[in-house]
Amino acid sequence: MDKSRARSLGLNAALAVLIADQATKFYVLNTLDLEHAEPVALSPMVDLVLVWNRGISYGLFQQNADLGRYFLILLALGAAIGFGIWLWHSLRLLPAFAIGLIAGGAIGNGIDRIFRGAVVDFVLLHWQEWRWYVFNVADAAIVLGVALLLYDSWLGNGQENVTPPSKDPLS
């Protein structure tokens, strides 16, 4: 497979996730004003609510101090760089697409931490009294990306995912 096609797909996926994530967060914060309003019911099982997530996934490890926030920003930056390197060496479309989803989500949530102090979560799935955690587009993209990587790994295609090391030590 052509590396440039895989890279292009992954970068486009990351950009699409980043734009969709930030656009939906902007809409929720500036149009719906959920901070001062009741939840908005989209369907019997989906509501829009506002939650400021100062932790990591599922609201774990909440960080109320700036030091914790800066640590999570650095973690998101490191993850984005690591996924960028992985994407750069990716040879196949499915892993490249999955990596792009994860990187775009990590960057989107990192932007929230930098400019808003916390991640904006707003989609609540529920059934009667049962409530799932509140998430956003970036979170959904990260989960889908991880699921696609696991699926690809399950197919046994992981060995051909990256460029083999060069025998020339100078390349």
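The values are calculated or read from the model by the stated rules, or taken from the named source; none is laboratory data. Note that the structure is predicted; figures quoted are calculated from it, not measured. A quick note on method: Cβ atoms are made from the backbone with ideal geometry, for glycine too, and the neighbour counts reach across all protein chains shown. These accessible areas exclude ligands, DNA and RNA; they are computed on the full protein's heavy atoms, side chains included. Shrake-Rupley method; radii C 1.70, N 1.55, O 1.52, S 1.80 Å.
Using a Förster radius of 41 Å, what is the FRET efficiency between residue 36 and residue 146 based on their Cβ-Cβ separation? Nearest 0.05, please. It would help to have the intermediate numbers written out before the result.
Working: r = 34 Å, r/R0 = 0.84.
Computed FRET efficiency for residue 36 and residue 146 comes out at 0.75.
Rounded, prolate or oblate: pick one for the stretch 81-155, where a ≥ b ≥ c are the square roots of the eigenvalues of its C-alpha gyration tensor, a/c under 1.5 means rounded, and failing that, prolate if a/b is larger than b/c, else oblate. Because a/c hits 1.5 or more and a/b fails to exceed b/c, the stretch 81-155 counts as oblate.
Residue 88 contributes an accessible area of around 140 Å² to the protein surface, as traced by a 1.4 Å probe with all chains present.
With θ taken as phi - 60° and the Karplus curve 6.51 cos²θ - 1.76 cosθ + 1.60 applied, the whole-hertz 3J(HN,Hα) list for the stretch 28-41 is 5, 6, 9, 10, 7, 6, 5, 5, 10, 10, 6, x, 9, 7 Hz, x standing for glycine and proline.
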